[in-house]
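Worksheet for the structure shown next.
What follows is calculated from the coordinates using simple rules that are stated; it is not laboratory data. Since this is a predicted model, take the numbers as computed values, not measurements. As a convention, Cβ positions derive from the backbone with ideal geometry for all residues, glycine included, and neighbour counts pool all protein chains shown.
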There are 4 protein chains.
Amino acid sequence: MRVVVAGAAGYIGGELLRLLIGHPEVEVVGAISSRFPGKRVDGVHPNLRASTDLLFCSADEVTECDAVFLALPHRAVMTQIEYWTQRAKLVIDLTGDFRLNDTKVFERYYGSEHQAPHLLDAFVPGLPELHRERLRGADLISVPGCMATAGVLALHPLVAHELIDTQAGVQLDARTGSSGSGSTAGPANLHAERSGAMRVFAPTGHRHEAEISQHLGMPAAMTATGVEAVRGVQTIAHTTLRPGVGKSDLRRAFREQYAEEPFVRVVAHQRGIFRYPDPKILLGSNYCDVGYALDEDTGRLTAIGALDNLVKGGAGNAVQCLNIRMGWPETYGLTFPGLHPV
Amino acid sequence: MRVVVAGAAGYIGGELLRLLIGHPEVEVVGAISSRFPGKRVDGVHPNLRASTDLLFCSADEVTECDAVFLALPHRAVMTQIEYWTQRAKLVIDLTGDFRLNDTKVFERYYGSEHQAPHLLDAFVPGLPELHRERLRGADLISVPGCMATAGVLALHPLVAHELIDTQAGVQLDARTGSSGSGSTAGPANLHAERSGAMRVFAPTGHRHEAEISQHLGMPAAMTATGVEAVRGVQTIAHTTLRPGVGKSDLRRAFREQYAEEPFVRVVAHQRGIFRYPDPKILLGSNYCDVGYALDEDTGRLTAIGALDNLVKGGAGNAVQCLNIRMGWPETYGLTFPGLHPV
Amino acid sequence: MRVVVAGAAGYIGGELLRLLIGHPEVEVVGAISSRFPGKRVDGVHPNLRASTDLLFCSADEVTECDAVFLALPHRAVMTQIEYWTQRAKLVIDLTGDFRLNDTKVFERYYGSEHQAPHLLDAFVPGLPELHRERLRGADLISVPGCMATAGVLALHPLVAHELIDTQAGVQLDARTGSSGSGSTAGPANLHAERSGAMRVFAPTGHRHEAEISQHLGMPAAMTATGVEAVRGVQTIAHTTLRPGVGKSDLRRAFREQYAEEPFVRVVAHQRGIFRYPDPKILLGSNYCDVGYALDEDTGRLTAIGALDNLVKGGAGNAVQCLNIRMGWPETYGLTFPGLHPV
Amino acid sequence: MRVVVAGAAGYIGGELLRLLIGHPEVEVVGAISSRFPGKRVDGVHPNLRASTDLLFCSADEVTECDAVFLALPHRAVMTQIEYWTQRAKLVIDLTGDFRLNDTKVFERYYGSEHQAPHLLDAFVPGLPELHRERLRGADLISVPGCMATAGVLALHPLVAHELIDTQAGVQLDARTGSSGSGSTAGPANLHAERSGAMRVFAPTGHRHEAEISQHLGMPAAMTATGVEAVRGVQTIAHTTLRPGVGKSDLRRAFREQYAEEPFVRVVAHQRGIFRYPDPKILLGSNYCDVGYALDEDTGRLTAIGALDNLVKGGAGNAVQCLNIRMGWPETYGLTFPGLHPV
C-alpha cells in the first residue's frame, strides 16, 4: 500500500515514518515537509538513519496514493481537506480539525469558525476501542488528541458499565511531556526553561476536555501541566461511583471492556514499583495503560490513563486505525513493547 | 541561640543544617544521627563542605539546648516527646506525629494508635500564614506536610473570604519530587526506576489530605504522583466558586491575604513562561507561590500551590517559625530567592 | 530454539527477555532469578505485561536447553561455568569473567584470582564487528563491556587501517547512564543522589579500559563518569593521527570497516542537531553509532562511540551473536530503530 | 555603589541581577535589555519576583555609574568598549572579547579580526585565584569562560608546583548544561531535542581551550559535550605526572594553592557519594570544586573541576572580582553554599 505523510518533519510525522517504514504492508511514497523539501528525512529524524534514504518533498510533488496521514498544524486541514480527498482514498487526520462534531464547541476551543462543517459527520473517530466497527469502512478518520485518548480510555469502562453518574461530570488532571509542543516550539520550550518544570499551561479549558466530553457524553473539565518528560501523557480522572458499586464491579467492567484489546492493559496492582499506569515504560509503544483506585470509605474513584503521546496518542493510534481499515492484523508495525528501565 | 537537629543525616535534616548554619542568631550545637555518629556532617551533606566542621553525634550526647528540630521518621516522635521537652525549651517537630488533632483521623491515616494524645492540643501548627500569633508564644510547634502546606496556602484565601462552598469539599492533585521519599528510600527510588516517572503512589487517601481538611475545615481528597524532580511540590486544587463571585473578588482575596506575607507570592499571569506557580524556580527558597485560574463559563476554579518540599515544605518553614517564636526578623536565614534557569 | 536467561530479574536480564520474546526463532523456557522464583516476570519488568506470562524460576528448575545467557554478577560465572556447559550447548556470558584473556590483567582489574583460567581461550569475544567468523562456530561466547564496545568500535577502523600509532596509547572519556549500576544498586544510586549528577566514579583504571587495550592491541586509559541518563553510553577517545594521514583516509577507513555492518552507523556530520554519536536516539536499539572529528592543525583526532548499554552494550549484542552462531539473519529480534525525540 | 548590567535579560545577566540585588554594598541602577526595554525584570527572571521592581531599560537611558557588567554576545563588546569606559569607572566584561591576549589566537577561535587590540593588555583576567593582586587595581576586567575557569583551576596547582611537564600539553574533556547556550538559543536547544542528550558540540577546538592554554602556558586541547543539566560544567583533564612526583606532592600542591581560597574546595575522597567534583551540588553557589586521581602504576593523573557555569563560571566570579577591586570582603553577595540533594 502506498502512503504519504504530510507534516513529515514534525514529531508526529517522524513517528509515523518510523512506524510505517517498519510496517510489513506499507510503502512510504511521500514525506511532505514545507520546511525541508529535498532534504534527507534522516537529517531531521536521526533515529531513521540506515532505515531510509527517503527525501522530504513538497505537497505538489505528490500525485496520488492509497492513504495520506495529515500531521499538520491545527486548523490547516479543514481548509485543504478536499485537496487530500482527491489524492488519497483514505485520509487519516491527526489534527484537531475533525475531532469535535459540534461547530460551536469547535469555535469555543479552537477560536475559529470551522471551514468544512459539512464533513464533520463523515469523519470516524480514530479510537478503535470505541469505534472499531465504524473504522472498518471509514475513508475519513480523525485521530483524537493524546490526552483525550488517555482520559477516554481510562473512563470508558465506567461509563459503558454505568458505574458512575455521567451527569455529575468529571474532573481530569493531565500531565504531558514536551514533545507535544512540536518541533517548532518557541522560547518557552527551550531546555533551560522547560527542564524540570511543572508548568500549568492550561489550568482550565484544555481543548482535549471537549473531546472527552463528547466521547463519554458527560461534562469534563481538564487541567493540563507540562512535567519533565519528552514523551508521555498521564491523565488522572476524579469521579465518584454510583451508590452500591464496588470493587468487583470495577474489576469486571475493566476486564470485560479491554480483555480483547491488543493495546489497552489494565494496571491496578497492590505491589511493585509500577502499580498504576506510568508513561515511563510506554515510550515508543502503542499501549494505553489504564487503571483505577477506589477510596471505599467515600466512593471516590481515581481513574488513570497513560500513553506515549506520539504513539498511542497520535501516530501509533493512526496506524492501528489503518490496520483495522485494511483488515490487517491490528498489531502490524506496532509490536514494540516499550522499555524498562528507561 | 543553641539548637540541635535530630535526624540530621536525612534530607530535611541536611536542609535544616544548611539554613541554621547560615542563620545570624543560631549556633548548631548538635547534629544527631543514629546512622553516622562521629562522622563528618559534610560527608553526608557535601554542599556544606567548607561551611562546617561539625560531626554527627548520638542523641545521648546532647544534654540541653534552646531548641530542637525533630526531623525523624513518622511515629518516632510521639513515643519520645518527653525526652525532648526535658532537653529543649522549644521543640519543633517536622514529622506527622502532632499534625492531626483528632486521634481517630491520625489512626486512619498513620495506621497506629497515637502515643501522646494529651499533647495534641499543645502543639501549634507551624503555618505562619494561618497561625502567626499563636506561634509567637509556642513552645511546641508541629510543621505541616509539604503537600499540605502548598494545598492549604493555595486555598486559604478562598476559604477565608468565603468564595467557595466549603461543604462541597475539594479535590487536589499533588505532584512531588523524589527527595520526599528520604535518604533511606528503597529500590523503588533507584534512579533507573524513578527517573522520568509519573508514579501515582497515592491515588486516593494521601495523608496530607487530612491536614488540608483540618486546616480549611472542609472535606479534601488528594491524589499524589511522583514526577521527575528531586525537589518540588505542586498542588492543583479543583473547586467551584460560589454563585456571583468573580475575578475581582479572587484578586482581592489573594491580595489581602498575602500582601504582607514575606514568603507567599501570588502568581497568576496572562503572559510569560512562568504564569502559574512552578517549583522549578523555587529550589532552595522558602517561597510558596500560589495562583489560580477561573473558567468563567462554569465557575470552576483551579488553585495552584508550589514550593520546595525541603524548604517551605519542611526545614525553611520550621526556621520561619523559629524566627517568629524568637521575635527575630522573619526572613533571617531564609533570603535565598531561588534560581532561574535551573 | 529453547533458551534460558540466568539473572533474568536484572536490567540486562530483562532486556534479554524483551529481545528473546520478540525473536522469531527463540522460545524462552527459563527465566532464572534467585530473588524472585515463582513470581511473574512482568511484575519486575512491567514493559513485558501482555507480552509474556512467564514466571521466574530457580536455577535448579532448568534441566537443559539449547542456549543459556548468563546475566549474572561479575565473578559469579567463572565458578559455575561447568554447571552451565553441562546444561546448554551454547553459553553466552554477559559478565566480565571471560572477557580478559590474561589472568594477571584479570586479577588487577577484578581483584580476584581467576577460577577457570583453562577456559579463557575457549571463549570467543562477542564482538561481531571484530570476530564474526569465529562466532559462527563458537559454543562459548563472552560479550564485552558496554563502554568497551563503544570505545573499540569507535577506534577499530583507525587501528585496522593503521591511521594511528598504537604504541602512543589512547585516552578515553566515558559517560554512562544509571542502569549500568544494576537493579540492586545501593544508596548512591537513589534518584535524589544520582539525578543530574556528573559523577566521576572511575577517574582512572576503569575495567573496560583493559578490554579496549586487549581488543586494539594498544595501551588504553579510561575515565568513567555517570551522567544524567538511565540508558546510554558514550565514549570519547583522544588520539593523534600518523603524519600524512588526512580526512579522506579517515572517511575511507570508517566506510570500509562498517559499510556492511548491520548495527554500526558512521555519524560525522557538519550540520544538524545530531552531528556526532549520541545515545539519546539509540534507546532500545542495537546500533552503535561511531564518529570522529579531526583538528587539522594539530592532527588530533576525537573518535566517538555511542550505544544503549543494555542493548548493543549487552543484551542486544548477545542476541546478535546468537543470530550469527545459528546462521539466522543477523537482525532477527533487533529491528527496533530507536526513537526521536525521546 | 551604583552598578549597571548590560545584557540583563540573558541568563548570565539574570544571575548578575540576583547576586547584585542581594549584595550589601551595591545598588543596581540599570538593567539594560535591547529586547525588553520597559518590561519588568521579574517577568523574565521569575525567581526575582518580590525581590525587585526594576524595569529593563535601553542602553541610552544609562548615563553614568560606578561599574558596568557586560553580559553581551561575543564580539559585541570590542566594538563598543569606549562607550562603556566613558560611562563607568569599572568595566567588567563577561564576553570572550578580551580574554585572549593574542589577536591571532583570537581570530582563529572567534573567526573575526579583533576590533580593539590596543586594549587587550589593559584588561586584567577575572580569575582571583591567579590574578588577585592585579585585580585590586583593575579598571577593566575580563571574566574567563566557564569551562576555562574549571579547567584552569583544576590544573593550576600542578603547573604552579611543576608537577607536570607543561610541554606535553593537556587533553580536556568538558561537559556542560544547556544554560550555556543562552536564552536566545535555537531549535537545537528545544527541550525535546536537548533533554537527555550527550551532544558533542565541539569535538575539537572549543574556544575555551585557548584560554586554558594561555593561563597555564601549555598546549591544551578540549572536547566539549552538552549533557543533561541546565547549569553545571565539569572538566576532566588528562595529564601525566613528572617522574618521581607522588601522592603527597599532589596533596601538598592542592592544599597550598587553595587553602586560603574562599571559593575553591579540594574534593578527592576515598568514600562517599560525592568523591570528586560534581556540579550537581554547586547550583547557585560560587564554588569551583577541584580534585584529582592518580593511577600510580602509570603516573597518569586525572584532574577534575566543577562549577555552576552561571555563577563561578560567570556572574559570581564577576562579583567576586568586584569585591576584590573594591576592597570588600570577597564573599559579599556570594554566600549561598549550594543544595543537596537537588
For segment A:29-41, in residue order, the Karplus 3J(HN,Hα) values (coefficients 6.51, -1.76, 1.60; θ = phi - 60°; whole Hz; Gly and Pro = x) are 9, x, 10, 7, 9, 6, 8, 10, x, x, 8, 5, 4
Rounded to the nearest 500, the 222 nm mean residue ellipticity computed for chain A from DSSP H runs (n ≥ 4, each -39500 (n - 2.57)) alone is -8000 deg cm²/dmol
Taking the label point 7 Å from Cα along the Cα-Cβ vector, the copy-to-copy distances for residue A:240, listed from shortest in nm with one decimal, are 1.0, 7.8, 7.8
Taking a crude spin-label model, label points 7 Å out from Cα along the C-beta direction, the residue D:53 to residue B:75 distance in nm is 5.3
If each K or R counts +1 and each D or E counts -1, the residues other than residue C:243 whose Cβ falls under 15 Å of its Cβ total -3
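Please report, in debye to the nearest 20, how large the charge dipole of the protein assembly as shown is about its Cα centre when each Lys and Arg carries +1 at its beta carbon and each Asp and Glu carries -1 there. Display every interim value, and only then the final one.
On the way: 128 positive and 148 negative charges, 0 e Å.
Magnitude of the dipole: close to 0 debye.
For chain D, what are the DSSP H helices with axial Cα length of 20 Å or more and mean Kyte-Doolittle hydropathy of at least -0.5? Please report the intermediate quantities before stating the final value.
Details: long enough: D:146-160 (21 Å, 1.70).
Span-like helices, by this rule, are D:146-160.
For a footprinting-style exposure proxy, rank A:130, C:155 by other Cβ within 10 Å, fewest first.
Working: A:130 17, C:155 28.
Placing the least packed residue first, the sequence is A:130, C:155.
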Relative contact order in percent for chain D (Cα pairs under 8 Å, 6+ apart) equals 17
With +1 on the Cβ of every Lys and Arg and -1 on the Cβ of every Asp and Glu, the dipole magnitude of segment D:146-307 about its Cα centre, in debye rounded to the nearest 20, is 360
Here, trypsin sites (Lys or Arg not before Pro) of segment B:248-342 satisfying both criteria (DSSP loop; at most 12 other Cβ within 10 Å) are B:271
Once Lys and Arg are counted +1 and Asp and Glu -1 for all other residues with Cβ under 11 Å from that of residue A:207, the total becomes 0
Expressed in angstrom and rounded, the centroid-to-centroid distance over alpha carbons for segment C:277-342 and segment D:209-281 is 32
In Å³ per residue, the alpha-carbon convex hull of the protein assembly as shown encloses 174
To the nearest 20 debye, segment D:2-122 has a Cα-centred charge dipole, built from +1 on Lys and Arg Cβ and -1 on Asp and Glu Cβ, of 360
Partner shielding of A:62-72, taken as the mean number of other chain Cβ atoms within 10 Å, equals 0
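Which is the longest stretch in chain D that no exposed loop site breaks, taking sites as GluC sites (Glu not before Pro) with a DSSP loop state and at most 13 other Cβ atoms within 10 Å?
Working: sites that count: D:64, D:113, D:162, D:260, D:296.
The reported range is D:163-259.
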Non-local residues with an amide H under 5 Å from the amide H of residue A:283, with H modelled 1.01 Å from N and Pro and chain starts lacking one, are A:339
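Would you list B:102, D:97, D:66 from fewest to most Cβ contacts within 10 Å?
Details: B:102 13, D:97 28, D:66 16.
Taking fewest neighbouring Cβ atoms as first place, the list is B:102, D:66, D:97.
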Under a Gaussian network model of chain C whose springs join Cα atoms within less than 10 Å, the largest fluctuation of C:201, C:69, C:106 belongs to C:201
In whole percents, the bins of 10 Å from zero upward hold the Cα-Cα pairs of chain B as 6, 26, 35, 24, 7, 1, 0
Final fewest-first order of A:33, D:112 on the 10 Å Cβ neighbour count is D:112, A:33
at residue B:40 the sorted inter-copy label distances (label 7 Å from Cα on Cβ side), in nanometres, are 4.5, 4.9, 5.2
Across all Cα atoms of segment A:146-307, Rg and the largest Cα-Cα distance (Dmax), in Å, are 15.9, 51
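With a sphere of radius 15 Å drawn around the Cβ of residue D:294, what net charge do the other residues whose Cβ falls strictly inside it have (Lys, Arg +1; Asp, Glu -1)? Before the final figure, lay out each step's value.
Working: positive: D:242, D:247, D:251, D:252, D:275, D:300; negative: D:249, D:295, D:296, D:297.
Here the charged neighbours net out to +2.
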Restricting to Cα pairs under 8 Å and 6 or more apart, the percent relative contact order of segment C:1-82 works out to 37
For the axis mapping D onto A, the chain D residue whose beta carbon sits nearest, plus its rounded distance in angstrom, comes out as D:191, 2
At the level of C-alpha centres, the distance separating segment D:102-116 and segment D:136-203, in angstrom, is 19
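Between residue B:115 and residue B:27, what FRET efficiency comes out of the Förster formula 1/(1 + (r/R0)^6) with R0 = 35 Å and r the beta carbon distance, rounded to 0.05?
That pair, residue B:27 with residue B:115, gives E of 0.65.
Longer than 32 Å from Cα to Cα, which of A:39/D:104; D:247/D:312; A:312/C:89 are they? Say none if no pair is.
In this structure, A:39/D:104; A:312/C:89 exceed 32 Å between Cα atoms.
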With the label set 7 Å along Cα→Cβ, residue A:85 is separated from its counterparts in the other copies, in nm and shortest first, by 7.2, 7.3, 7.9
Between the residues C:20, C:263, C:273, the Cα farthest towards the positive end of the dipole of chain C, that dipole coming from +1 and -1 charges on the beta-carbon of Lys, Arg, Asp and Glu, is from C:273
